[in-house]
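Report on the structure given below.
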Amino acid sequence: MSYKVLIPQPILPAGYEYLKKCGFTAVNGRGSSEEEIIADAADCDAMIVRTAKITAKILDNAPKLKIIARHGAGYDNVDLEACRRHKVIVATAGGANAISVAELTIFYMLYCSRNFKAVLAHCREDYRYAKMTLPKTELEGKVLGLIGTGNIGKLAAQKAALGFNMKVIAYDPYAKEVPDYITLLQDRDKVFTDADYVSLHIPATKSTIHSVGQREFELMKPTAYLINTARGAVVDEAALIAALREKKIAGAGLDVVEKEPFDPTNPLLEMENVLVAPHIGGNTKEASARSSVACAQAVEAFFAGKRPQFVVPELSDLL
């Protein structure tokens, strides 16, 4: 039997090739809107999802669907409660984009440390002021504080500690062990009070949404930066904007914001001490190729009666 795998948004060729090799039929969808996915999903057994939102209505209209493979590490664009009702497994491409996101975490730290946005804004008007007067610092010897020590957090820590001689502290109540270059703390507050850069590496769940807000910004040093390459929703954006305006923290490097695509009126886009990018952390050729294959492997494992490697924990009991 040839199972049909709906792909609403194209993936890289390696994923298609893996599906074909395993005897699956890949179906390119007509688009990523709810209506388009419903029209395509009626006779599909599996789905590989990038950024499209998979709603309860889509699941209600996909009676044959058994597994959704998420092209990335996060899965907040999939309605897990509806998946549970329909007994649909969700697996991710966990770890496939870790290198790319970890590298970008370091990039944001470097960008903030050299105050690049302000320097670039002023250099044409006053070259000497931008070059000589605007504050710039090194990463060497600074403290990186991690909230979350999954694949991405560990890799970012490795690059920071071994590449830039930074001290790395972290809070993760689920971590059983970490590499020796990470000091795991039991006190979450201490990460915010001690770090020069607080980097977030947690998913957006009911317990983490807006978990970084006014209280945490009050704890941070006025010279510290927030780095977020995780999900915009884990930060209380109104509190972040207020903290930046009131100079409670020095700035931020944000790969994600609460509302994506950007609201053009979002104050974060105009702030001189904030770098915002359109969620490009895992968007490299290498990471996309790995994610495409990882999704295809998850689909293959499921229909072979095996457990996919990265099943989301909220639905793991369905297997």
Hits among aspartates and glutamates - C-alpha to C-alpha of LYS221 under 16 Å, sequence gap 8 or more where chains match: ASP189, ASP194, ASP196, GLU246
Label-point separation, THR137 to GLN9 (7 Å along Cα→Cβ), nm: 3.5
Quick one: dipole size for the chain, taken about the Cα centre, charges +1 on Lys/Arg Cβ and -1 on Asp/Glu Cβ, in debye to the nearest 20. 560
Cross-link partners of LYS4 among aspartates and glutamates (Cα-Cα below 20 Å; sequence separation of 8 or more within a chain): GLU17, GLU34, GLU35, GLU36, ASP40, ASP43, ASP45, ASP60, GLU300
Between the helical axis of 98-113 and the dominant principal axis of the chain, each derived from Cα atoms, what acute angle in degrees is found, rounded to the nearest 10? 20
In deg cm²/dmol, rounded to the nearest 500, the helical mean residue ellipticity at 222 nm of the chain, built from -39500 (n - 2.57) for every DSSP H run of length 4 or more, is -9500 deg cm²/dmol
Using a cut-off of 13 Å between alpha-carbon atoms, which aspartates and glutamates can reach LYS206, once sequence neighbours fewer than 8 places away in the same chain are excluded? ASP76, ASP79, GLU81, GLU314
Over the range 251-292, equivalent-ellipsoid semi-axes from the Cα gyration tensor in Å: 25, 11, 6
For CYS22 and LEU110, what does the FRET efficiency come to when R0 = 41 Å and r is the distance between their Cβ atoms, rounded to the nearest 0.05? 0.50
Out of ARG124, ARG70, ARG84, any idea which swings most in a Gaussian network model of the chain, alpha carbons joined below 10 Å? ARG124
Going through the range 170-205, which chymotrypsin sites (Phe, Trp or Tyr not before Pro) have at most 13 other Cβ atoms within 10 Å and a DSSP loop state? TYR174
Farthest toward positive dipole pole in the range 207-310 [+1 Lys/Arg, -1 Asp/Glu at C-beta], among GLY282, PHE303, ALA233: PHE303
Quick calc of log₁₀ I(q)/I(0), the range 98-276, Debye, one scatterer on every Cα, no solvent, q values 0.08, 0.15, 0.18 1/Å, result -0.23, -0.82, -1.18
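Every number in this text was worked out from the coordinates using simple rules, so none of it is lab data. Note that the structure is predicted; figures quoted are calculated from it, not measured. Glycine also receives a Cβ, built like all others from the backbone with ideal geometry; neighbour counts cover every protein chain displayed.
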